[in-house]
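This report refers to the structure that appears directly beneath it.
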Amino acid sequence: MIEEYCQIDMKEDKTDNLMKIDELKQLKNEILSEIGNSSTYEIVEEKRIKYLSKKGMIPELFSKIKEVQNQDKKEFGQILNSLREEAYELINRLKAGFSNNEDNKIDLTLPGRKLPVGKYHPLYKMRDEIKQIFRQMGFSVAIGPEIETEHYIFDALNMPEWHPARKVTDSLYVDKDSQLLLRTETSSVQIRTMEKSDPPYRIICPGRVYRNEKENSTHTAMFMQLEGLYVDENVSFAELKGTLLAFFKHLYGQETNVRFRPHYFPFTEPSAEVDVTCFKCGGDGCSLCKNSGWIELGGCGMVHPKLLENVGVDSEKYTGFAFGLGIERLTMLKYGLNDIRDIYENDLRFLEQF
Ligand code: FA5
């Protein structure tokens with residue numbers, strides 16, 4: 001009937017083609033039932049456009065009232081009015097029903113929504129792993145302030161007056177007059193630890209340090225160091241080498257090699273720099289290790305007797321070793337990172353990999 005109606009041109013032959021009241025009633029039922037059978041929100045909307053929009057079928061029927069015979073005009077109009085109202089009401093009811101259903105619908109076959117879960121930063125993962133390894137070797141964890149006095153950073157560490165680290169070009173001073181600066185190394189914690197109690201000392205101190213430094217793929221102005229200190233009777237350089245070798249093998253695997261190169265630090269004598277096999281080339285030489293096959297991870301040495309005497313420890317009776325490693329460098333080696341700055345850029349695509 002609806003299809004037939006679509007083909008009626010009422011203007012052509014007003015007497016024959018005009019729709020009778022009964023036919024209009026039937027059409028009304030068919031339209032309402034077609035709308036009522038809509039199975040989705042989208043289909044209801046299609047029906048609304050088809051029947052109620054400006055160019056829809058119901059407004060078109062209204063425009064044809066003038067062609068209806070006079071005695072039928074009133075009833076024709078009433079039927080159309082009720083059709084329009086019922087169609088509106090039905091469409092609104094159906095639409096409301098479909099949108100409620102959308103909200104309440106539980107489709108048990110849908111995959112679960114992934115909730116973003118925070119992760120430990122690779123640097124802190126590394127710090128905790130380091131702590132765990134040294135704890136197993138009998139070291140405890142010490143802490144110290146990040147804003148330090150020149151005394152703990154330079155004087156007590158036997159730094160000569162001329163040392164460039166004392167200059168504002170190398171170090172970040174909070175206030176030069178009051179001799180306060182951001183600590184440039186965690187070695188200050190050695191002094192603070194020894195001042196507080198008598199030997200033996202066996203501590204590590206992981207913490208942030210700051211330097212007035214240009215950043216590049218291996219250097220940042222703020223980074224983390226791991227300080228280690230072991231002072232007791234008869235502590236030797238061999239124990240320093242054994243401790244660091246055991247640590248690196250634990251961290252990187254049994255095949256890891258370590259080498260010690262003679263170096264100078266004012267607070268240790270003798271002193272050395274510690275290198276570990278390059279992770280990228282496995283020791284063959286590459287751009288990262290500047291073709292040496294080794295990557296520098298830190299400095300170490302036997303605690304200078306002057307330091308022990310300054311804090312009242314008998315340097316004839318006690319000896320000890322100390323070391324300072326860069327935690328970012330340890331992290332880079334562990335995870336094969338080429339650029340230290342990636343650690344601090346907080347790019348989720350990078351961080352989500354750990
Ligand atoms: C020191 O800071 C000494 N205090 C280490 C030490 C402690 C020696 C105890 C003897 C006894 P150095 O400046 O070389 O040394 O730094 C140690 C390590 O920190 C470096 O090997 C490197 O791994 C890391 N490091 C140094 N500068 C930076 C930087 N700008 N960015 C990232 N890591 C750095």
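The values are calculated or read from the model by the stated rules, or taken from the named source; none is laboratory data. Predicted model, so just to flag it, every value in this text is computed and none were measured. Cβ atoms come from the backbone with ideal geometry, glycine included; neighbour counts cover every protein chain shown. Heavy atoms of the whole protein, side chains included, go into the accessibility calculation; ligands, DNA and RNA do not. Shrake-Rupley method; radii C 1.70, N 1.55, O 1.52, S 1.80 Å.
At 7 Å along Cα-to-Cβ for each site, give me the label-to-label distance between Arg135 and Asp175 in nm. Taking the two extended label points, one gets 3.8 nm. Label-to-label distance for Lys196 and Gln69 is 11.0 nm, based on points extended 7 Å past Cα in the beta-carbon direction.
If the chain linking His219 and Leu110 were pulled fully straight, counting 0.36 nm for each residue of separation and taking away their Cα-Cα distance, it would gain 34.5 nm. Axis angle, to the nearest 10 degrees, between helix 41-52 and the longest C-alpha principal axis of the chain: 30 degrees. For the stretch 158-211, applying the loop criterion from DSSP together with a ceiling of 16 other beta carbons within 10 Å to the trypsin sites (Lys or Arg not before Pro) yields Lys167, Lys176.
What the Cβ-Cβ distance of His121 and Arg93 gives, at R0 = 41 Å and to the nearest 0.05, is a FRET efficiency of 0.15.
Each label point was placed 7 Å from the Cα along the Cα-to-Cβ direction; for Glu233 and Asn81 their separation is 11.5 nm. Full extension of the chain between Asp347 and Lys54 gives 100.2 nm of extra length, using 0.36 nm per residue less the Cα-Cα distance. Loop-located trypsin sites (Lys or Arg not before Pro) in the stretch 19-119 (DSSP state other than H, G, I, E, B) with a sparse environment of at most 11 neighbouring Cβ atoms within 10 Å: Lys54, Lys55, Lys105, Arg113, Lys114. Taking the stretch 50-75 and a reference point 7 angstrom along Cα→Cβ of Lys20, the backbone N atoms nearer than 17 Å belong to 68-73, 75. Heavy atoms of the protein chains alone define the surface here; on that basis the stretch 38-140 has 70 Å² accessible area per residue at 1.4 Å probe size.
Shown here for the stretch 108-167: GluC sites (Glu not before Pro) in loop regions (DSSP other than H, G, I, E, B) with at most 10 other Cβ atoms within 10 Å, namely Glu161. Taking 26 Å as the straight-line reach from the Cα of Lys74, the lysines in range (excluding those fewer than 8 positions away in the same chain) are Lys11, Lys14, Lys20, Lys25, Lys28, Lys50, Lys54, Lys55, Lys64, Lys66. The convex hull drawn around the Cα atoms of the chain, when projected onto a plane and averaged over every direction, covers 33.3 nm².
Across the stretch 145-152, coupling constants 3J(HN,Hα) worked out from phi with the 6.51/-1.76/1.60 Karplus curve, θ = phi - 60°, read x, 7, 8, 10, 9, 4, 4, 6 Hz, and Gly and Pro carry x. The calculated FRET efficiency for Asp128 paired with Arg259, based on their beta-carbon distance and R0 = 22 Å, is about 0.25.
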